[in-house]
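Participant: Once you've had a glance at the structure underneath, I'll fire off some questions.
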């Protein structure tokens, strides 16, 4: 199976349960191919949970949903050692993070201490409990959701947490035709119950290894670097994109090119991904924010300003 067949197969399978989200599905696959993670920020009822479940089933991956609440503890995420009275010894009870696709639902409702329990897993694909380290089986993808409107009872994600998300995405409302199709799909039963895996985990791992062979020309690489460095020098920005963000944009470009059937990255790949990869990583100065400017506007301004290289 090549990359184009892979993308088309997943998009068609996911479309059986959630209509009109082909672009978001492609971007989730970009994150999957790079070992990155995605923050979905949108209003309730858009289909964030359904999309995550459909992805897991299509890829034949293990899936877990963590409902983040203020009373959720780090051990509820990572797992804990408990005393087995029958065996008279301590045993490790794995938490939901030790699955391949994890939905962190309403992540900003948990305390910063619980949010930080995801950091090691998202960066190093392992968890440490009582000094013992447990590796996470690839592919590993965290899909976190948060409601951008309701702020009461929430805790803002710290910079260290945001920086570990490859992309921040919005699903958006469906069109009228898409919503009508949804009504017809769901009038009798839930299509999710009949959704079958179409790609094996081994096939996913093989494709992941091939992503790193995608060529990035010198001019494209320097173009990417100029965009990132401009976020650190922009007058409206108090905190620019970190080197981790630079690597994230580079890897995402390789994955997007591969999924679109190319073995090389072009400038439009960087332009398309920059707002998705960089916006949540920068902070606007308070006095600039009061004037109504947003990180998205700043990133758009930078990508329009930096000269685009002409590559053969």
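The values are calculated or read from the model by the stated rules, or taken from the named source; none is laboratory data. This is a predicted model, so every value here is computed, not measured. Note: ideal-geometry Cβ built from the backbone for every residue, glycine included; neighbour counts use all protein chains shown.
This table checks each residue for (1) farther than 29 Å from residue 199 by Cβ; (2) surrounded by fewer than 20 Cβ atoms within 10 Å (Cβ to Cβ); (3) touching a helix residue (DSSP H, G or I) at 6+ places or on another chain (Cβ under 6 Å); (4) at pLDDT 95 or above.
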residue: 40; (1), (2), (3), (4): no, no, yes, no
residue: 45; (1), (2), (3), (4): no, yes, no, no
residue: 58; (1), (2), (3), (4): no, no, yes, no
residue: 81; (1), (2), (3), (4): yes, yes, no, no
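Participant: Test residue 261 against the stated conditions and say whether it is under 21 Å from residue 55 (Cα atoms), surrounded by fewer than 21 Cβ atoms within 10 Å (Cβ to Cβ) and in the same structural domain as residue 297 (by TED's automatic domain parsing).
Facilitator: The answer is yes for residue 261.
Participant: Could you please find all residues in the stretch 238-252 being surrounded by 17 or more Cβ atoms within 10 Å (Cβ to Cβ) and either modelled with pLDDT of 95 or more or part of a helix (DSSP H, G or I) (or both)?
Facilitator: 245, 246, 248, 249, 250, 251, 252
Participant: So, one more: Only one of 30, 14, 7 is in contact with a strand residue (DSSP E or B) (Cβ under 9 Å, 6 or more places away or on another chain) and buried (at least 16 other Cβ atoms within 10 Å of the Cβ). Can you tell me which?
Facilitator: From the options 30, 14, 7, the qualifying one is 30.
Participant: Which one of the conditions (1) modelled with pLDDT under 90; (2) under 24 Å from residue 205 (Cβ atoms); (3) buried (at least 22 other Cβ atoms within 10 Å of the Cβ) does residue 137 fail to meet, given that it meets all the rest?
Facilitator: Single failed check for residue 137: (3).
Participant: What strands (runs of 3 or more DSSP E) lie completely within the stretch 47-118 and have 1 or more residues being within 24 Å of residue 9 (Cβ to Cβ), in contact (Cβ under 8 Å) with a residue 40 or more places away in the chain and touching a strand residue (DSSP E or B) at 6+ places or on another chain (Cβ under 7 Å)?
Facilitator: Per the criteria, 63-67, 101-105.
Participant: Report whether or not residue 282 is modelled with pLDDT of 95 or more and either surrounded by fewer than 15 Cβ atoms within 10 Å (Cβ to Cβ) or within 18 Å of residue 167 (Cβ to Cβ) (or both).
Facilitator: The answer is no for residue 282.
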